[in-house]
Amino acid sequence: MDSYHIWGGKPLSGELAVSAAKNAVLPILAATAMIPGETIIENCPELSDVHNMCEILSHLGCRITREGALLQVDAKGLFRCSIPEAMMKRMRSSVFLAGPLLSRCGRAELCAPGGCAIGSRPTDLHVQGLSALSAEISQQQGRLLCRAGQLLGAEVFLSYPSVGATENILMAAVSAKGETVIRNAAREPEIVDLQNFLNACGADIRGAGTEEIRIKGGRRLSPVRYRVMGDRIEGGTYLMAAAATGGSLRLRGISPQWIAAELSVLRRMGCRIEEGAQEVFLQAPSRLRSPGEVTAQPWPGFATDLQSPLLSLCASAEGTSTITDAVFERRFQCARQLALMGADIEVLDRTAVVRGVPMLRGSRVCAQDLRGGAALMIAALAAEGKTIVENICHIDRGYGKFDIALQTLGAHIERRSADGRKTAGVSEEQTTKKEA
Ligand code: EPZ
């Protein structure tokens with residue numbers, strides 16, 4: 001297993017452009033399965049989750065070709081509607097195929113998806129929503145067998161604004177007969193991007209980004225060439241890395257509105273922030289101060305995906321911080337690893353109380369999930385001495401070439417294989433393969 005070796009204590013500074021958003025490109029790739037033709041994603045990020053999604057699409061009969069950032073999915077030849085458990089278990093977004101397969105073939109056979117172990121993460125809202133559209137879904141030994149003669153538009157009320165359930169229902173509704181209204185829908189910007197993609201293909205969807213989304217079904221979809229939105233979570237992570245090290249960063253490719261809640265917290269911590277149309281400039285103080293109380297919640301609240309990176313910031317900020325995650329019930333695993341670096345964090349249920357220490361110290365730590373791994377990287381960059389972050393396959397899922405990006409900001413970081421050799425990041429064959 002590869003690891004990152006980081007020599008901390010250096011302020012980061014410079015400019016970075018974010019990649020395309022993982023949590024936008026994954027549902028969009030799933031949606032290509034219902035579009036018979038050659039869809040092109042112009043700026044596809046190099047992430048292991050993207051590679052895994054392409055493997056699923058390939059298994060279903062799509063032809064995938066990739067030239068650098070340009071990814072083409074030819075879904076004309078799709079002939080399977082069943083996904084093996086091993087593929088489903090690699091990531092959460094495999095469940096996004098349910099809606100598109102029901103749309104395309106009237107059936108889908110999958111099982112409970114994988115993904116970061118940050119809570120129970122059931123799929124009941126996905127099942128309820130698809131059933132409301134007249135899909136018949138039976139659950140046998142962990143497998144989800146979905147059938148739909150004809151999907152029919154309906155009113156769907158989500159008891160919780162689930163991002164994935166909103167996206168799955170939206171994709172199924174595109175092919176349903178009649179109109180679908182999703183109430184209490186998730187409002188994340190990535191859902192707006194999925195709407196924009198599907199409307200560019202010929203769908204008629206309105207209201208994404210608000211709690212009520214209306215979909216006029218039955219429209220024919222044609223393939224398009226599409227540019228996915230920037231990754232606000234990747235961008236927020238880099239801003240926090242600059243903030244943790246007392247540095248500065250000019251970040252390009254995201255709208256400040258996508259991370260308004262996070263920028264407000266960084267300002268409370270003492271950062272000076274300037275906002276442009278598609279860029280943010282951050283100048284950190286030599287030492288951050290506690291933001292007080294922060295609760296991670298559905299958008300437009302503070303993003304749960306930036307809650308772990310925030311823990312790292314608070315670990316060496318002045319004062320005591322109280323961080324609550326109202327989205328996932330078990331998303332503080334990295335606290336134990338941060339404690340190995342000298343952090344003083346007490347976790348009680350969905351809340352972590354962080355007493356800031358003057359300086360973290362380098363240690364050997366282990367990533368246990370994607371954003372917790374990013375949090376360890378931030379802590380290592382701020383700490384004095386050397387840190388080794390192990391199990392970085394978790395980080396590869398959501399950050400392409402993380403080390404290269406941080407090196408451009410002046411970080412002293414090396415990616416090493418298990419036998420200690422320097423390596424080049426997400427395995428080359430995974431990202432430059434001509435035809436998966
Ligand atoms: C998406 O996960 C993202 N993943 C997550 O990002 C993100 O943290 C999350 O949305 C919240 O913003 C992708 O888009 C691929 P949810 P998802 O359904 O769809 C409960 C990352 O680090 N729930 O909004 O799984 C669930 O247990 C990843 O990039 C049900 O109870 O999130 C959780 O407590 C991590 N029943 C809450 O809702 C359901 O059927 C939020 O889940 C579905 C969800």
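List the residue pairs whose Cβ atoms are under 6 Å apart, where the first residue sits in region 70-98 and is within 20 Å of Asn43 (Cα to Cα), the second is β-branched (Val, Ile, Thr) and open to solvent by less than 20 Å² (accessible area, probe 1.4 Å), and the two are 6 or more positions apart or on different chains.
Matching pairs, first to second residue: Leu71/Ile41; Val73/Thr32; Val73/Thr39; Val73/Ile64; Ala75/Thr32; Ala75/Ile35.
Criterion first (assigned by TED's automatic domain parsing to the domain that holds Gly217, away from the ligand (no atom under 12 Å from the Cβ) and not in a loop (DSSP other than H, G, I, E, B)) does Val156 satisfy it?
Details: assigned by TED's automatic domain parsing to the domain that holds Gly217: yes; away from the ligand (no atom under 12 Å from the Cβ): yes; not in a loop (DSSP other than H, G, I, E, B): yes.
Against the criterion (assigned by TED's automatic domain parsing to the domain that holds Gly217, away from the ligand (no atom under 12 Å from the Cβ) and not in a loop (DSSP other than H, G, I, E, B)), Val156 qualifies.
Name every residue in region 121-137 that is of a type outside the set (Gly, Ala, Ser) and either farther than 23 Å from Leu152 by Cα or surrounded by fewer than 18 Cβ atoms within 10 Å (Cβ to Cβ) (or both), in order of residue number.
Quick first cut of region 121-137, residues of a type outside the set (Gly, Ala, Ser) only: 121-128, 130, 133, 136-137.
Within region 121-137, Arg121, Pro122, Asp124, Gln128, Glu136 qualify.
What are the residues in region 287-301 that are open to solvent by 30 Å² or more (accessible area, probe 1.4 Å) and either near the ligand (Cβ under 10 Å from one of its atoms) or in a loop (DSSP other than H, G, I, E, B) (or both), if any?
Step one: filter region 287-301 for residues open to solvent by 30 Å² or more (accessible area, probe 1.4 Å), giving 287, 289, 293, 295, 297-300.
Answer for region 287-301, where residues must be open to solvent by 30 Å² or more (accessible area, probe 1.4 Å) and either near the ligand (Cβ under 10 Å from one of its atoms) or in a loop (DSSP other than H, G, I, E, B) (or both): Arg287, Gln297, Pro298, Trp299, Pro300.
Give the residues of region 373-425 that are under 17 Å from Arg232 (Cα atoms), away from the ligand (no atom under 16 Å from the Cβ) and open to solvent by less than 10 Å² (accessible area, probe 1.4 Å), sorted by residue number.
Leu406
All but one of (1) out of contact with any Cys (no Cβ under 8 Å at 6 or more places or on another chain); (2) of a type in the set (A, V, I, L, M, F, W, C); (3) open to solvent by 10 Å² or more (accessible area, probe 1.4 Å) hold for Ala241; which doesn't?
(3)
If we keep just the residues of region 248-264 that are aliphatic (A, V, I, L, M) and in contact with a helix residue (DSSP H, G or I) (Cβ under 7 Å, 6 or more places away or on another chain), which is farthest from Ala303 (Cα to Cα)? Outline the logic, then answer.
Going through region 248-264, the residues aliphatic (A, V, I, L, M) turn out to be 249, 251, 254, 259-261, 263.
Next, from what is left, pick out any that are in contact with a helix residue (DSSP H, G or I) (Cβ under 7 Å, 6 or more places away or on another chain): 249, 251, 254, 259, 263.
Values: Leu249: 20, Leu251: 18, Ile254: 15, Ile259: 8, Leu263: 11 Å.
Here the residue is Leu249.
Any residue at all in region 285-301 that is touching a residue at least 60 places away in the same chain (Cβ under 8 Å), within 19 Å of the chain's Cα centre (by Cα) and under 20 Å from Ile395 (Cβ atoms)?
Checking region 285-301: not a single residue is touching a residue at least 60 places away in the same chain (Cβ under 8 Å), within 19 Å of the chain's Cα centre (by Cα) and under 20 Å from Ile395 (Cβ atoms).
Just to be sure I understand the filter: pairs with C-beta atoms under 7 Å, separated by 6 or more residues or on different chains, first member in region 333-352 and touching a residue at least 60 places away in the same chain (Cβ under 8 Å), second member surrounded by 17 or more Cβ atoms within 10 Å (Cβ to Cβ) and assigned to a loop (DSSP other than H, G, I, E, B). Which pairs pass?
Gln333/Gln368; Gln333/Asp369
Would you please list the contacts, defined by Cβ atoms under 8 Å and residues six or more apart or on different chains, that run from a residue in region 312-331 that is on the phi < 0 side of the Ramachandran plot to a residue that is basic (Lys, Arg) and part of a strand (DSSP E or B)?
Pairs that qualify, where the first residue is on the phi < 0 side of the Ramachandran plot and the partner is basic (Lys, Arg) and part of a strand (DSSP E or B), are Ala317/Arg289; Glu318/Arg289; Thr320/Arg355.
Return the residue satisfying two criteria in turn: it lies in region 83-120 and is open to solvent by less than 40 Å² (accessible area, probe 1.4 Å) and of a type in the set (Ser, Thr, Tyr), and of such residues it is modelled with the highest pLDDT. Break it down into steps so the answer makes sense when it comes.
Narrowing region 83-120 to residues open to solvent by less than 40 Å² (accessible area, probe 1.4 Å): 83, 87-88, 91, 93-103, 106, 108, 110-111, 113-116, 118-119.
Then drop every residue that is not of a type in the set (Ser, Thr, Tyr), which leaves 93-94, 103.
Details: Ser93: 91, Ser94: 91, Ser103: 94.
If we take residues in region 83-120 being open to solvent by less than 40 Å² (accessible area, probe 1.4 Å) and of a type in the set (Ser, Thr, Tyr), then Ser103 is modelled with the highest pLDDT.
Can you find a residue that is within 26 Å of Leu221 (Cα to Cα), within 16 Å of the ligand (Cβ to nearest atom) and assigned to a loop (DSSP other than H, G, I, E, B) anywhere in region 111-131?
The answer is no, given that none of the residues of region 111-131 is within 26 Å of Leu221 (Cα to Cα), within 16 Å of the ligand (Cβ to nearest atom) and assigned to a loop (DSSP other than H, G, I, E, B).
Residue by residue, here is whether (1) closer than 20 Å to Asp2 by Cβ; (2) open to solvent by 30 Å² or more (accessible area, probe 1.4 Å); (3) within 12 Å of the ligand (Cβ to nearest atom); (4) touching a strand residue (DSSP E or B) at 6+ places or on another chain (Cβ under 6 Å) holds:
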residue	(1), (2), (3), (4)
Gly319	no, yes, no, yes
Asp325	no, no, yes, yes
Glu329	no, yes, yes, no
Gln333	yes, yes, no, no
Gln337	yes, no, no, yes
Asp344	no, yes, no, yes
Val353	no, yes, no, yes
Gln368	yes, yes, no, no
Arg371	yes, no, yes, no
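Only one of Arg252, Arg267, Arg225, Arg219 is modelled with pLDDT under 95 and either surrounded by fewer than 23 Cβ atoms within 10 Å (Cβ to Cβ) or farther than 25 Å from Arg331 by Cβ (or both). Can you tell me which? Let's see the steps before the verdict.
On the way: Arg252 fails: modelled with pLDDT under 95; Arg267 fails: modelled with pLDDT under 95; Arg225 fails: modelled with pLDDT under 95.
Only one candidate qualifies: Arg219.
The values are calculated or read from the model by the stated rules, or taken from the named source; none is laboratory data. This structure is a prediction, so every number in the text was calculated from the model and none was measured. Because the Cβ atoms are built from the backbone with ideal geometry, glycine has one as well, and the counts that use them run over all protein chains shown. The protein model used for the area step is the full one, side chains on, heavy atoms only, and it has no ligands, DNA or RNA in it. Shrake-Rupley method; radii C 1.70, N 1.55, O 1.52, S 1.80 Å.
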